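Working notes, beginning with the structure itself.
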Amino acid sequence: MFFGGPGGIPFGMDDSGMPGGMGGMGRQREPADTTALYEVLGIQKSASATEIKKAFRKLALKKHPDKGGDPEEFKKIQAAYEVLGDEEKREKYDKYGLEGLEAGDMPEGGMDVFDLFFGGGRRRRGGGGGKRKAEDTVYPLKVSLEDLYNGKTAKLAITRSVMKGEPKKCTTCKGQGVVVQMRQIGPGMVQQLQTRCPDCPPGSGGYRVNMKKERQVLEVNVDKGASHNTKLRFSGMGNESPNAEPGDVVFVLQQKEHASFKRKGADLLIQKDISLSEALCGFKFVVRQLDGRQLLIQSKPGQIVRPEVQQGVPYVMCVDGEGMPKHGNPFDKGRLFVLFTIIFPPNYSLGEDQVALLKQALPKALNDEPYDENEIEDAILEEINLDELGKGQGATGEEEEDDDEAGGNGQRVQCAQS
């Protein structure tokens, strides 16, 4: 029994045929039914959360359509558990019955408990639910980093589908959008199948209507500090659909790559090459900001730029207040980070006087061990690629194994000694 009244009559209709005892003036409305969902699961109103879960699992195993159960009955079992298995929804149901459940309390997938139990009949406070909404129309909108820094207004033309004339209910599905077919799957076993109506367009909600294309020009405002994937929504400006509210038009901002700047949140990053002398003695260079201003970036007197803060971590500095405007408060800006790469002089040698001056100006050398010139041997370094490591003459391993496999006839090459 899914209905509290005798004979399974929804809302307890009285003799006059009016729901809720509204057949005559002064008749009081019947109390809300707060037991139907418990009856579906076969439990008492005092059941604990664990008992509710056990009851649902037991019925699900027994009544599942794959086990030969009735699909509609299984939907009611699922709907009952969706409500009673949630503490907040259960509290509303215990106080106000099904009509106490708001739209957000309905089971996932859009299933309406009222529609399921009472065939679409409603007696909710404030009237029934509104029309469904047509799907949104989404457009990507490519913007430069300058557009996101300075803000931008653009007029964009779109084409949408609008109804021509009044929609008419489909006679095949009677405005439901779906048709129900019964199929016998065994002796005394019938399966109910629900399929889309073949005679009305998809998404039409069971209505037929002629459509036409309409061109609209929308003014799109990109705020300062807007981010990649920000959505700009125009409510009701999308495609129309019978028996539905028009959809929205949504522009999704797609930030284009910039030649100089990288962005992360409200911060900007640039990479700058400097010479060894600039790293040691100071630097000045000009950066053209995204709003066209020219910034003179310079180091503090005596400040040294290091190759790395630590191994694998580059050396960076920042200018406060020269990053991106923050969305919602464009007068507050992030930081401008500068990542330095020190370019050492190629094939450059220093004279004795220059070396002496550098030694005098720079900190003491880390490697200055004493040695006897009569007992030391000179070993002069040459530049080489690290990939050559392990490929020198006299290497052991696979090369020697290859020689052995060749019969030991391979000649060994020794370094010439003077």
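The values are calculated or read from the model by the stated rules, or taken from the named source; none is laboratory data. Predicted, not measured: the structure shown is a model, and the values here were computed from it. Backbone-built Cβ (ideal geometry, glycine too); neighbour counts: all protein chains shown. Surface accessibility is based on the protein's heavy atoms, side chains included, excluding ligands, DNA and RNA. Shrake-Rupley method; radii C 1.70, N 1.55, O 1.52, S 1.80 Å.
Points to keep in mind about this one:
- Extension gain, Arg293 back to Tyr348 (0.36 nm per residue minus Cα-Cα distance, nm): 16.1 nm
- Length added when fully stretched, Thr341-Arg233, from 0.36 nm per residue minus Cα-Cα: 34.6 nm
- Carbon + sulfur, % of accessible area of the stretch 39-98 - ligands and nucleic acids excluded, 1.4 Å: 45
- The stretch 261-343, relative contact order in percent, only Cα pairs under 8 angstrom and at least six apart counted: 38
- For the stretch 137-255, diffusion coefficient by Stokes-Einstein and Kirkwood Rh (Cα), 10 °C, 1.306 mPa s, µm²/s: 91
- Across the stretch 293-400, C-alpha contacts under 8 Å between residues 6 or more apart give a mean separation that, scaled by the residue count, equals a relative contact order of 14 percent.
- Highest-first arrangement of 315-327, 346-358, 241-253, where packing means the average Cβ count within 10 Å: 241-253, 315-327, 346-358
- Here the convex hull built on the C-alpha positions of the stretch 261-343 has a volume of 100 cubic angstrom per residue.
- Apportionment of accessible area to carbon and sulfur, the stretch 216-370, percent (1.4 Å): 51
- Where trypsin sites (Lys or Arg not before Pro) fall in DSSP loop in the stretch 231-322, at most 10 other Cβ within 10 Å: Arg293
- Here the calculated FRET efficiency for Gln254 and Lys62, from their Cβ-Cβ distance with R0 = 30 Å, stands at 0.05, rounded to the nearest 0.05.
- Out-of-range pairs (alpha-carbon distance over 22 Å; input Lys53/Lys89; Lys133/Lys174; Lys45/Lys76; Lys264/Lys333): none
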